[in-house]
Amino acid sequence: MSELERLQDEFFAFWWAAHPITATSVGIHTHDTELDRYDAASLDERARRYREYAHAFERLTPRDAAEALDRRLILNQLHWQLVELEQVRGHRRNPVVYLEPVLTTLFLMAVREYAPAQERARAAAARLGALPALLDDSRENLTEAAPILVRTAAAVARSGLALLEGALPLQLGRALEDDPHEFARWENALRGAETALVEYADWLEHELAPRAAGDYAVGREAFQGRLRYLHGLTDSADELCAFGEALQRETEAALEQLARELGSRGDWRALVESAKAEHPPATRLIEAYAEEVVRARAFVEERELASLPAGEELEVTATPEYLRPLIPYAAYQSPAAHEVEQKGFFFVTPPSAQADPALRDHSVHGIPVTALHEAYPGHHLQLTRANRAATEAQRVFWTPVFAEGWALYCEEMMWEQGFYTDPRQRLLQLKDLLWRACRVVLDVGLHTRGWSPERAVEYLVRVAGLERANAEVEVRRYCSEPTQPLSYAVGKREILRLRERFRARAGSSFRLRDFHDRLLSWGTIPPGLVAHGLGLS
């Protein structure tokens, strides 16, 4: 074992202890009873250890290119964490950071069968019992809270009650019913967490919101730090905004041309409205997505577009209640890298009733594109492949520039390959590409150029054609997750660049499956590092 390998083993032991929620998400279950710590002493200690490990990795010389890649990946993560703690300061500005990760890890403990239900229930009870103290720490920390993030967090807290009242008792609590002592501990922890969530939502709405005066914008320096360390991008914020604006113009031109071909004199918006009027009934919505998932998987196999990992599974299901304030349409939850079961979840946010206008966002012409984006060959295929990457760093560290960029790339690639051929499907795919171009402009605008949420909502409605209610949900997320919204379009650009370099090197022997399999073998790391791994840099 090399000195660098020994240091990595030591580092990851620290990393999982410092980030127990992330540990659960990747299938490390030695810290399942704990929550991340946000008291001042713990934050100071974490920053100190980050610096120590960064110095330790910087002074070691890798033996080969593979070690050099992992060393850079780990160093980037450490630098990014320091940017988060000291420049972004999400723990001071954004109450969502105290809620969404905890609720998500509890949901995963309920639905992932990595251990007997009784064992998972006992660990979940410990986490539920720790939630009130975590929320108390947040009350001390949130001295720079941004009003829009406070409102979002209050909605998440109230939605989280559905998880505590539904999935957790059903999937975990009932497993302890035969042991009165254990069940009493479970019930006490659950009721305490429910009370804490209600009180926290009240505090956010009635005490913090009236005095919240912080800025949701992270600022240019922190934004650039995330671009560099989390995503491995060398572009400036202004260069990315220019790219987004150019993609917007290009996509609008493509939409207008397609509309003319369809006899609409370039009025693509009217055609979109017509296409959105065709949707499944609310009672068949999830079934409609599931059918397209099956079709997409079969197409990938028949056309030999990419190798499917052995043992992968995918369940199409309704979005958990607590996530609906953040997911207006659909999303994907991957299985854990360190667990045998490789079952992912494709969430679809259902409308409240058949007459709900939100059904228009589930057009029969858009469902095939969303299904391939979230499932095959999109997120599910890519992330289950990533779980089998060669090293720990490549399995557990990731960037949405690769994940979201790959899924958006797949939308175009599957059109090229003939998975969907109806021009109305192409219309909705291009409309969504325009939305992703707008995300780049909005991401930069909100966090570095002084855009207000109201301006961002208006822009999404006017340019991308989103319904106002959905645009408001989107903008709340953009304010909460700087640099994530731009990941889709920028990631697609990076993957296309890699494909062209791979094609140029392969010449006449180029095969799409070869490129995809090689690309996906590196996990979900920054495309710039993948280029090094593929020998294309």
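Total residues in region 1-52 satisfying the condition of being polar (S, T, N, Q), part of a helix (DSSP H, G or I) and either free of Cβ contacts under 8 Å to residues at least 40 places away in the same chain or under 25 Å from L131 (Cβ atoms) (or both): the figure is 4.
Each row is one residue, and each column tells you yes or no for (1) touching a residue at least 24 places away in the same chain (Cβ under 8 Å); (2) under 25 Å from the mean Cα position of the chain (by Cα).
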| site | (1), (2) |
| --- | --- |
| A145 | yes, yes |
| L149 | yes, yes |
| A153 | yes, yes |
| G160 | yes, yes |
| G166 | yes, yes |
| Q171 | yes, yes |
| L176 | yes, no |
| F183 | no, no |
| E187 | no, no |
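Would a scan of region 318-340 turn up a residue that is β-branched (V, I, T), outside any loop (DSSP other than H, G, I, E, B) and in contact (Cβ under 8 Å) with a residue 24 or more places away in the chain? Among the residues of region 318-340, not one is β-branched (V, I, T), outside any loop (DSSP other than H, G, I, E, B) and in contact (Cβ under 8 Å) with a residue 24 or more places away in the chain, which makes the answer no. Of all residues in region 20-34, at least one satisfies being under 25 Å from H447 (Cβ atoms) and either touching a helix residue (DSSP H, G or I) at 6+ places or on another chain (Cβ under 9 Å) or of a type in the set (K, R) (or both).
Screening G266 on (1) surrounded by fewer than 20 Cβ atoms within 10 Å (Cβ to Cβ); (2) out of contact with any Asp or Glu (no Cβ under 7 Å at 6 or more places or on another chain) shows it passes everything except condition (2). Out of the residues in region 162-196 that are hydrophobic (A, V, I, L, M, F, W, C) and farther than 18 Å from E34 by Cα, state the one that is modelled with the lowest pLDDT. Of everything passing the filter in region 162-196, A167 is modelled with the lowest pLDDT. Mind checking which residues of region 262-285 are assigned to a helix (DSSP H, G or I) and in contact with a Pro (Cβ under 7 Å, 6 or more places away or on another chain)? Result: A282, L285. Determine if region 84-96 includes at least one residue that is more than 24 Å from the chain's Cα centre (by Cα) and buried (at least 20 other Cβ atoms within 10 Å of the Cβ). Looking for residues that are more than 24 Å from the chain's Cα centre (by Cα) and buried (at least 20 other Cβ atoms within 10 Å of the Cβ), one finds none in region 84-96, hence no. Taken over region 275-305, the criterion of being among the small types (G, A, S) and either over 23 Å from N387 (Cα atoms) or out of contact with any Leu (no Cβ under 6 Å at 6 or more places or on another chain) (or both) is satisfied by A275, A277, A282, A288, A290, A298. Residue selection: E252 satisfies the criterion of being more than 30 Å from S537 (Cα to Cα), in the same structural domain as T483 (by TED's automatic domain parsing), at pLDDT 95 or above and part of a helix (DSSP H, G or I).
Considering only residues of region 216-263 that are farther than 26 Å from V461 by Cβ and hydroxyl-bearing (S, T, Y), which is surrounded by the most Cβ atoms within 10 Å (Cβ to Cβ)? Result: Y229.
The values are calculated or read from the model by the stated rules, or taken from the named source; none is laboratory data. As the structure is a prediction and not an experimental result, all values here were calculated from the model. No Cβ is skipped: glycine too gets one built from the backbone with ideal geometry, and neighbour counts run over all protein chains shown.
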